[in-house]
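Chemist: One structure, pasted below without further comment.
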Amino acid sequence: MATNSDSIYNILSQIQKHPDRAEINTLGYTNVVQLKFSDRLQVANPEIYFPNETLLVDRLSDEFVDKYNVLMDYFNSLTKKPMKSYHEVWVTTAHILDKKVYMLELAYE
């Protein structure tokens, strides 16, 4: 996954501005926020970023996290136990076909 992706940034920005467009869940973990949103939402290159019925996991680049730190902090605040500082952000994505949703999960370490 291209972890400097404009696609990931655009999705996160849209959900930050319109949280009603996503189902937001912590899955019971303290450092995770999961977003599920309609697969009708326009996403650039969904075949790359949201593989059908397969999890894709990658660490966001330090440059991405630094550049979009306000956005990363916003989603960190949605976890059960927001971290005052974090060193890595992992992203997991998938396309869940039977639910007609894309899933994007951020894990803060």
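No lab work stands behind these numbers, since they all come straight from the coordinates. Note that the structure is predicted; figures quoted are calculated from it, not measured.
Chemist: Given 0.36 nm per residue, what is the gain on full extension from Asn52 to Thr26 after removing their alpha carbon distance, in nm?
Modeler: The span from Asn52 to Thr26 would gain 7.1 nm if fully extended.
Chemist: For region 61-78, what does the Karplus curve 6.51 cos²θ - 1.76 cosθ + 1.60, with θ = phi - 60°, yield as ³J(HN,Hα) per residue in whole Hz, taken in order and with x for Gly and Pro?
Modeler: Calculated HN-Hα couplings, in order: 5, 4, 5, 5, 4, 5, 5, 10, 4, 5, 5, 5, 5, 4, 6, 4, 5, 8 Hz.
Chemist: Given the options Asp73, Asp62, Asp98, which has the most mean-square fluctuation in a GNM of the chain, springs set between C-alpha atoms less than 10 angstrom apart?
Modeler: Asp98
Chemist: Starting from 0.36 nm per residue, how many nanometres of slack lie between Lys99 and Leu41 once their C-alpha separation is accounted for?
Modeler: Residue separation times 0.36 nm, minus the Cα-Cα distance, leaves 19.5 nm.
Chemist: Next question. Which of Asn69, Asn25, Asn52 moves the most in a Gaussian network model of the chain with Cα springs under 10 Å?
Modeler: Result for the chain, Cα springs under 10 Å: Asn69 fluctuates most.
Chemist: Once phi is turned into ³J(HN,Hα) by the Karplus curve 6.51 cos²θ - 1.76 cosθ + 1.60 with θ = phi - 60°, what whole-Hz value does each residue of region 39-49 show in order, with x for glycine and proline?
Modeler: 6, 8, 5, 5, 10, 6, 6, x, 5, 8, 8
Chemist: Could you work out the percent of alpha carbon pairs in the chain separated by over 22 Å, rounded to a whole number? If you can, show how the numbers build up before the last one.
Modeler: Working: 1361 of 5886 pairs.
The answer is 23 percent, as a whole percent.
Chemist: Could I ask something else about it? Helix 6-17: angle to the longest alpha-carbon principal axis of the chain, degrees 0 to 90, nearest 10?
Modeler: 80
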